[in-house]
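Below: the structure, in structure tokens.
Since every read-out is calculated from the coordinates, none of them should be taken as a lab result. The model shown is predicted, which means the values in this text are computed figures rather than measured ones. Positions of Cβ are backbone-derived with ideal geometry, glycine not excepted, and every protein chain shown enters the neighbour counts.
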Amino acid sequence: MRIIKYGIDISKIILCKAISIVMKVNRNNRDIWLIGERKDEAKDNGYHLFKYVREKHPEQKIYYVIDKNSNDIRKIEKYNNIIYHGTFKHYLYYVLATKLICAHQSSTIPDSPVCWKLGQYGFLKKKKIYIKHGIIKEKIKSHMYENTKFDMIICGAKPEYDFVKSELGYPEENVKYLGLCRFDNLHNFKVKNQILVMPTWRAWFGSTWGKESDDDFLKSEYFKNYEDLITSRELEKYLKKNGVNLIFYPHYEMQRYLKYFTTNSERIIIADSKQYDVQTLLKESKLLITDYSSIAFDFAYMKKPIIYYQFDKDEYDKRHYSKGYFDYKRDGFGPVTSNVDELVRNIKVIDNEEKYIYKVSKFFEIYDNQNCMRTYKEVCSL
């Protein structure tokens with residue numbers, strides 16, 4: 001079956017290549033960009049850059065790749081130029097495109113090992129731009145230049161920029177400190193009386209790569225500690241007394257375990273990712289509780305308080321990502337806690353101390369709403 005699929009994919013690529021040669025006779029088809037995120041999402045840097053280009057530079061042929069059943073299609077319909085993931089048109093425009101703009105490494109690429117290999121080894125000549133889906137803070141093998149061959153990687157902070165240049169093997173000219181595109185939308189917001197709990201995933205449980213069973217998950221420190229948090233009587237008393245709502249929103253890769261979490265509190269919402277927009281939650285929440293998620297950088301960018309909840313740091317460093325340049329106790333934008341009691345105590349005294357504000361200003365040397373503009377100009381010049 002695999003050989004048959006490879007044969008079909010190769011046939012598609014050959015056909016698309018022939019069609020693309022004819023299409024490029026028309027000058028309008030000679031500079032086509034594909035952009036995307038996860039194949040079912042339009043809510044991150046890809047969405048914000050696509051929106052910017054369609055509004056400010058409609059002459060540029062840019063197309064957003066997304067699954068036809070995605071709930072996020074409604075967000076991009078008005079901008080047109082949508083290509084449904086996995087269709088023949090997707091294969092054709094993948095071959096035709098001169099630039100691939102990716103929030104994830106596989107964004108814009110059809111689900112085909114053939115396409116992946118052809119792109120990886122340069123048989124289909126095109127420029128690859130990695131706008132990313134967060135700030136890199138660990139040395140991740142899959143992000144190394146030898147494995148990605150990205151022609152451009154966009155950084156959102158000065159320490160990240162220095163780290164990518166020195167530790168991930170990219171040629172210096174490929175690394176750009178421009179700010180993340182989604183940061184443009186973090187300057188105007190209204191805060192609700194709401195706390196957001198947004199932990200990252202665990203490689204051993206993630207829906208894509210995880211090998212542990214659901215029974216293993218139910219015995220895990222991850223489940224125990226977050227279940228203890230959302231069923232905490234002390235937390236419930238605080239929420240009720242102060243009229244605060246709490247939204248528990250696990251990472252995309254951990255959403256399949258949502259059914260196991262319970263709460264009897266009318267103040268606590270266990271959030272399905274299909275029903276909520278991450279950036280909206282970040283903007284409207286007054287406090288973020290996370291563990292190791294890079295989403296904390298977005299919250300810090302808005303100069304709002306953060307509490308880190310790190311009950312499994314040794315296991316995380318060993319089994320997920322190895323430690324990078326960011327030390328939470330030295331560089332973090334809020335206190336580090338390791339158990340529910342300590343966490344709840346910190347929640348009760350929410351305060352974004354001056355020392356954390358100072359850290360934010362040092363971390364984000366670029367702080368404006370021109371990130372999409374800078375990125376667009378750099379992509380044009382590539």
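Summary table
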{"read-out": "Cα pair distances of segment 194-363 binned at 10 Å [whole percent]", "value": "9, 40, 39, 12, 0"}
{"read-out": "Candidate aspartates and glutamates - alpha carbon under 16 Å from residue 75, same-chain residues fewer than 8 apart omitted", "value": "37, 40, 41, 44, 55, 67, 277"}
{"read-out": "Theoretical gain in end-to-end length, residue 194 to residue 286 [0.36 nm per residue, Cα-Cα removed]", "value": "32.5 nm"}
{"read-out": "Distance histogram for the chain (every C-alpha pair counted, 10 angstrom bins, percent rounded to whole numbers)", "value": "5, 22, 31, 25, 12, 4, 1"}
{"read-out": "For segment 1-109: rounded, prolate or oblate by the Cα gyration tensor [a/c cutoff 1.5]", "value": "oblate"}
{"read-out": "Listed residues 323, 190, 132, most fluctuating in the chain (Gaussian network, C-alpha, under 10 Å)", "value": "190"}
{"read-out": "Across 51/318; 141/313; 139/329, pairs whose alpha-carbon gap is larger than 29 Å", "value": "51/318"}
{"read-out": "Taking 201, 116, 33 and counting other C-beta atoms within 10 Å, the order from fewest to most", "value": "116, 201, 33"}
{"read-out": "Cross-link reach list, aspartates and glutamates versus residue 149, counting only Cα pairs under 16 Å and skipping chain neighbours closer than eight places", "value": "167, 172, 173"}
{"read-out": "Chain lengthening between residue 378 and residue 339 when straightened (0.36 nm per residue, less Cα-Cα)", "value": "9.6 nm"}
{"read-out": "Separation in nanometres of the label points that stand 7 Å from Cα toward Cβ, at residue 368 and residue 84", "value": "4.2"}
{"read-out": "Aspartates and glutamates with Cα under 13 Å of residue 126, excluding same-chain neighbours fewer than 8 positions away", "value": "31, 151"}
{"read-out": "Residue 204 paired with residue 302, simple spin-label distance in nm, labels 7 Å along Cα-to-beta-carbon", "value": "3.4"}
{"read-out": "Neighbourhood net charge (9 Å Cβ-Cβ; Lys/Arg +1, Asp/Glu -1) for residue 297", "value": "-1"}
{"read-out": "Distance-filtered residues of segment 328-355 - backbone nitrogen under 12 Å, label point 7 angstrom along residue 242 Cα→Cβ", "value": "344-352"}
{"read-out": "Length gained when the stretch residue 327-residue 25 is fully extended (0.36 nm per residue, less Cα-Cα span)", "value": "103.4 nm"}
{"read-out": "Alpha-carbon Rg with Dmax, taken over segment 96-199, Å", "value": "15.9, 53"}
{"read-out": "Sum of side-chain charges, residue 131 neighbourhood, beta-carbon under 15 Å (Lys, Arg +1; Asp, Glu -1)", "value": "+3"}
